[in-house]
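A.B. asks: Here it is, the structure, as structure tokens.
The values are calculated or read from the model by the stated rules, or taken from the named source; none is laboratory data. Only a predicted model underlies this, so the values are computations on that prediction, with no experimental measurement involved. All Cβ positions, even for glycine, are placed from backbone atoms using ideal geometry, and neighbour counts span all protein chains on display.
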Amino acid sequence: MFTLNKFLSAGSASKNLLLGSSRKTRIVSASALLLALCAFGAAGVAPMAPDADDLPVRAISQELELPQLAEQIAALEDQQQKFITEERVRSGDTLGTLLQRLGVDDEAAAAFIRTDPVARSMMQLKAGKRVQAEVTSDGDLERLTTLVTQGRDEPVSNLVIKRDENGFKAVQTAGDLEKRIEMRSGVIRSSLFAATDQAQIPDNVATQIVDMFSTNIDFGSDLRRGDRFNVVYETYWQNGEYISSGRVLAGEFLNGSAVYQSVWFEESSKSGGYYSFDGKSLKKAFLKSPLEFSRISSGFSMRKHPISGQWKAHKGVDFAAATGTPIRASGDGVIDFVGTQRGYGNVVTIKHWNNYSTLYAHMSRYASNLRKGSKVSQGQVIGYVGSTGWATGPHLHYEFRVNNEARDPMSINVPNAQPLNTAQMKEFRKVASNMQHRFSLLTPEGTNVRVASR
Ligand SMILES: [Zn+2]
């Protein structure tokens, strides 16, 4: 982004870009300067405005009042002269180089930032973070502001370092986050994560997409080139700066000729969950594959592994995977057995509701703290792929039983009790139809889809 520094250096006659206290005044001053220079595009005039690259594209039409230049200049000359500069932290920056670019030439300020326990968090800023300074014409620091975050999804705070009569003071205050809703679409060409990267979808959101469709799609073997998805999710911003992504609110996945849709629904009284658009809780279904699918564990290469996902004469399904791949409980339940059984090697069985049970064999090891009677929830890691027992190579042998009889899990349609009452259903339909409408806007015309119910 253009910084005011650059505007300033462009014309020495206009060197006095003076600042009032309000943001509006700053913007107007900058406009006046722009008019005077007549040379710059409309990029980044307001301090702390986001980079154009960071924002969804959106047409904005706004009438701007033209400032009275003569009045402005007269007003500016009456005030004490201060500059506002803004810079992004670059990799390899030291406090010294950053302050220099900000136009700060103030040893006392630098010493304060290095030693004050609050101000010191400035030193941890990552490349790309924006820092804004208010500087006198002598290079003395009046005020410095930036956003600091501890971790990726940590709350953000404002750090303000300012000069007062006794020297400098640093204050950290809670950030004032603005929630936005974003919509993105992707097409599978090589892998899911390649598609989410291409669509600039954060990893945290990609993982949630996998989770929300794991009862419908085995991401390890069901994806096809040309599959499409739409996703609606929350993002958090402050002062136009992207801070983090939040929850996925809805998703749609076109897998082959089937389309799966899912929407987040919560009521004030109970915790939320994902539902298909007809109001069925997806949590009640079983995961289509107990193997964890992640950027790391996925070796997806547009082909189905020869033994992956096949119902065998031996009453189970074998999933080929590298030793150590995490194995997840395919539904909520209670651990019924953890131990070794001849052919199965290291094996875990889980009891679910309605006399459903599942079995996971040939594990290299179990998840820690797993014992008979432990409660597990869907998706929880219970062990890791191995080749213990009678196994020719590392794979997961998976069985699904109804009343102790082995069934092909791919053919089972788990009865799904209606989880929402009439009043909830009415509320849910509002949310769902809103999301459905968003998706219809994202889906290219002429795409023929069939909604699969599962
Ligand atoms: Zn097997």
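A.B. asks: For residue 218, state whether it is closer than 27 Å to residue 356 by Cβ, in contact with a Ser or Thr (Cβ under 9 Å, 6 or more places away or on another chain) and either modelled with pLDDT under 90 or assigned to a helix (DSSP H, G or I) (or both).
C.D. replies: Spelling it out, residue 218 is indeed closer than 27 Å to residue 356 by Cβ, in contact with a Ser or Thr (Cβ under 9 Å, 6 or more places away or on another chain) and either modelled with pLDDT under 90 or assigned to a helix (DSSP H, G or I) (or both).
A.B. asks: Do we find a residue being within 21 Å of the chain's Cα centre (by Cα) and part of a helix (DSSP H, G or I) anywhere in the stretch 157-172?
C.D. replies: no
A.B. asks: Just to be sure, is residue 324 away from the ligand (no atom under 14 Å from the Cβ), over 21 Å from residue 215 (Cβ atoms) and at pLDDT below 95?
C.D. replies: The answer is yes for residue 324.
A.B. asks: Among the candidates 322, 361, which residue alone is more than 20 Å from residue 273 (Cβ to Cβ) and part of a loop (DSSP other than H, G, I, E, B)?
C.D. replies: 322
A.B. asks: What pairs come out if I take residues in the stretch 382-409 that are among the acidic types (Asp, Glu) and assigned to a loop (DSSP other than H, G, I, E, B) and pair them with residues that are modelled with pLDDT of 90 or more and within 12 Å of the ligand (Cβ to nearest atom) whose C-beta lies under 9 Å away, six or more apart or interchain?
C.D. replies: Correct list of pairs: empty, since none qualify.
A.B. asks: Filter the stretch 314-343 down to the residues that are of a type in the set (Asp, Glu) and more than 20 Å from residue 221 (Cα to Cα) and list them by number.
C.D. replies: 332, 336 - these are the residues of the stretch 314-343 that are of a type in the set (Asp, Glu) and more than 20 Å from residue 221 (Cα to Cα).
A.B. asks: Within the stretch 106-114, is even one residue outside any helix (DSSP H, G or I) and out of contact with any Leu (no Cβ under 9 Å at 6 or more places or on another chain)?
C.D. replies: For the stretch 106-114, residues outside any helix (DSSP H, G or I) and out of contact with any Leu (no Cβ under 9 Å at 6 or more places or on another chain): absent.
A.B. asks: Output yes when any residue across the stretch 221-237 is more than 12 Å from the chain's Cα centre (by Cα), aromatic (Phe, Trp, Tyr) and modelled with pLDDT under 90, and no when none is.
C.D. replies: Looking through the stretch 221-237, at least one residue is more than 12 Å from the chain's Cα centre (by Cα), aromatic (Phe, Trp, Tyr) and modelled with pLDDT under 90.
A.B. asks: Follow-up question, since we're still on this one. Got a sec? Which of 245, 276, 271, 257 is at pLDDT 85 or above, surrounded by fewer than 14 Cβ atoms within 10 Å (Cβ to Cβ) and away from the ligand (no atom under 16 Å from the Cβ)?
C.D. replies: 257
A.B. asks: Need the failing condition index for residue 339 against (1) within 16 Å of the ligand (Cβ to nearest atom); (2) part of a strand (DSSP E or B), just the number.
C.D. replies: (1)
A.B. asks: Can you pull out the residues in the stretch 170-207 that are surrounded by 18 or more Cβ atoms within 10 Å (Cβ to Cβ), β-branched (Val, Ile, Thr) and touching a strand residue (DSSP E or B) at 6+ places or on another chain (Cβ under 7 Å)?
C.D. replies: Correct list: 196, 201, 205.
A.B. asks: Have a look at 401, 407 and point out the one that is within 16 Å of the ligand (Cβ to nearest atom) and modelled with pLDDT under 90.
C.D. replies: Answer to the selection: 407.
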